[in-house]
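*Asks:* Dropping the structure in here first, questions after.
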Amino acid sequence: MEVIKLRDEYIKLGQALKAAGLVMSGTEAKEVITDGAVTVNGEVDTRRGRKLYGGDIVAFHGEEIKIED
């Protein structure tokens, strides 16, 4: 499980996928998110700008990202 430490209050979903190296670009992030391939805390979320806070878990293609404060 990849861990992303927040520098600010939150990180956006598309940015988190890029930071974890699960997608190569913002365009790719947008595509996989709008296609419904990404879950946040176990539920599909199609909003690229979804704000993630400490404790949130993102899953994509069997990989998980944990957001920490």
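The values are calculated or read from the model by the stated rules, or taken from the named source; none is laboratory data. On a predicted model such as this, the values are computed, not experimentally measured, just so you know. What goes into the accessible areas is simple: the full protein's heavy atoms, side chains included, and nothing from ligands, DNA or RNA. Shrake-Rupley method; radii C 1.70, N 1.55, O 1.52, S 1.80 Å.
*Asks:* Taking Cα pairs under 8 Å and at least six residues apart, what relative contact order does the chain come out at, in percent?
*Replies:* In percent, rounded to a whole number, it is 41.
*Asks:* Let me ask something else about it. Over the Cα atoms of the chain, what is the Rg over Rh ratio if Rh follows Kirkwood?
*Replies:* 0.91
*Asks:* Follow-up question, since we're still on this one. Provide the per residue accessible area, probe 1.4 Å, for the chain, rounded to a whole number of square angstrom.
*Replies:* Per-residue accessible area for the chain comes out at 63 Å².
*Asks:* Of all accessible surface on the chain at a 1.4 Å probe, what whole percent is carbon and sulfur?
*Replies:* Answer for the chain: carbon and sulfur cover 42 percent of the accessible area.
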